[in-house]
Amino acid sequence: MTPLDGIVARNRAGEAVGLPSYCTAHPETLAAILRCYRDDDAPVLIEATCNQVNPSGGYTGLTPAAFRSLVEGIAGAQGVAPGRLILGGDHLGPNPWKADRAEVAMDRARAMVAAYVQAGFTKLHLDASMACADDGVLAQEVMADRAADLAAVAEAAGGGPLRYVIGTEVPVPGGETGPVTGLAVTRPRAVRRTLDLHRAAFAARGLSGVMDRVVAVVVQPGVDFGNDQVVVFDPAQAAALCDAAPGLGGPLYEAHSTDYQDGAALAALVAGHFPLLKVGPELTFAFRQAVFALADIADLRGAVEAALRDAMRADPADWRAHVRADGHEATMMLYGLSDRVRYYWPRHGVRQAVDRLFAQVRASSPAPGVVAQATGGLVGPVDPQHLPEAVTGRMVGAVVAKYRNATGG
């Protein structure tokens, strides 16, 4: 039994325990997350998405093997043994290539799944719900068949012990591009149909036993967020879905887009048999808050904001669809909850501005009151040499603490 198996089994038995799924490839944010685990022995689940990390490099430039190397290197530097890491792949399917014909997109998806497994990823969300260029409306039977196809590839790739997540009622990879309206909680009968279709598709490929290693189904419990809104979890609306979980015959639920839910909502999700809670943009949003706080301490906010805006204006592909072209555009570019800023930290001009900021902070001796004002209360002796890490650790760490508390740990 893997640590993930144990957590799911305990949750199924009625214990309010779970595991946060930290979905980010940003080095400083990963370091802040892992610092929160250096003094215990809990497992740490870090995930990469299909658009973020794939054999072509994704938008981070990282292959699955490079992502693993990055995370393990940061973990080692933060005092976390690599053996505690669980690496996951999210939305593994044809999404990055959905503009191509299905035959082409699925070939590339197969190569991606194999690369993830060969790189040591052991938790795989198989998601073939995206219609490709020649698909038209995609039937659920086709989605399940393609997921089984990808499972066969994963099994043949020789990794292990592999655990799977399935399910197609998921928020859009990368975040919503407009207001969230008409959000419907998944019905229990829809979950059962998803499982039945996948069981049949897996069995048709001789993979019936693999279905026993499906630990969760991604469903919609009624949570999501947009650039300027958060849809808060309502346990009453999701009661039927949550009550149905123990009778599913093995898997429980995984919740996506739980970012910005408060601790009580996250704890209610865990109690409702959502042991896996995925969080991404809220983590890098907190990193951005930390950078701006440090910029206020060093009186460099204008320079950092200008570098970000220049990079974003020069290449709007990663934010334009998420920010309305209205009088609030300039504000939402930087402060939108979808945190499109996260795509621009590696850009040369932005990296230079942040490096200058951190160097100036390390060379200064800011008064404790100035630090407290900028950070929302960080008072006490902090060596300026470590102030950037202290501030990023405080702000990203607050998000991590919220999730750890909600998942029992």
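The values are calculated or read from the model by the stated rules, or taken from the named source; none is laboratory data. Source: prediction; values computed, not measured. Note that each Cβ is placed from the backbone with ideal geometry, even for glycine, and that neighbours are counted across all protein chains shown. These area figures cover heavy atoms from the full protein model, side chains too; ligands, DNA and RNA do not enter into them. Shrake-Rupley method; radii C 1.70, N 1.55, O 1.52, S 1.80 Å.
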Take the conditions over 20 Å from the mean Cα position of the chain (by Cα), under 27 Å from ALA13 (Cβ atoms) and open to solvent by less than 10 Å² (accessible area, probe 1.4 Å) and apply them to LEU252. Does it pass?
no
So which of VAL142, VAL117, VAL113, VAL71 ends up being of a type outside the set (Ser, Thr, Tyr), surrounded by fewer than 20 Cβ atoms within 10 Å (Cβ to Cβ) and part of a helix (DSSP H, G or I)?
VAL142
Please give the number of the condition ALA267 fails out of (1) in a loop (DSSP other than H, G, I, E, B); (2) surrounded by fewer than 23 Cβ atoms within 10 Å (Cβ to Cβ); (3) on the phi < 0 side of the Ramachandran plot.
(1)
Note on segment 198-215: residues under 28 Å from the mean Cα position of the chain (by Cα), part of a helix (DSSP H, G or I), surrounded by 14 or more Cβ atoms within 10 Å (Cβ to Cβ) and not basic (Lys, Arg) are HIS198, ALA201, PHE202, VAL210, MET211
Restricting the first residue to segment 300-315 and requiring it to be over 15 Å from GLN360 (Cα atoms), which pairs with a second residue that is open to solvent by 50 Å² or more (accessible area, probe 1.4 Å) meet a Cβ separation below 7 Å and a spacing of at least six or different chains?
ALA311/ARG347
Any residue at all in segment 370-379 that is in contact with a Pro (Cβ under 8 Å, 6 or more places away or on another chain), open to solvent by 40 Å² or more (accessible area, probe 1.4 Å) and outside any helix (DSSP H, G or I)?
yes
Checking ALA286 against (1) farther than 22 Å from ASP262 by Cβ; (2) part of a helix (DSSP H, G or I), which test does it fail?
(1)
When residues of segment 74-110 are limited to those that are among the small types (Gly, Ala, Ser) and surrounded by fewer than 20 Cβ atoms within 10 Å (Cβ to Cβ), the one farthest from ASP41 (Cα to Cα):
ALA99
Per the filter on segment 120-139, residues open to solvent by less than 20 Å² (accessible area, probe 1.4 Å) and touching a helix residue (DSSP H, G or I) at 6+ places or on another chain (Cβ under 8 Å) are PHE121, LYS123, LEU124, LEU126, ASP127, ALA128, MET130, CYS132
For VAL399, are the conditions met, namely being under 25 Å from the mean Cα position of the chain (by Cα), part of a helix (DSSP H, G or I) and of a type in the set (A, V, I, L, M)?
yes
Do the conditions hold for GLN352, that is, is it assigned to a helix (DSSP H, G or I), touching a residue at least 24 places away in the same chain (Cβ under 8 Å) and surrounded by fewer than 16 Cβ atoms within 10 Å (Cβ to Cβ)?
yes
Return yes or no: is LEU387 on the phi < 0 side of the Ramachandran plot, modelled with pLDDT under 95 and open to solvent by less than 30 Å² (accessible area, probe 1.4 Å)?
yes
Search segment 15-34 for residues being open to solvent by 50 Å² or more (accessible area, probe 1.4 Å) and over 23 Å from GLY61 (Cβ atoms), and hand back the single one that is farthest from the chain's Cα centre (by Cα).
GLU15
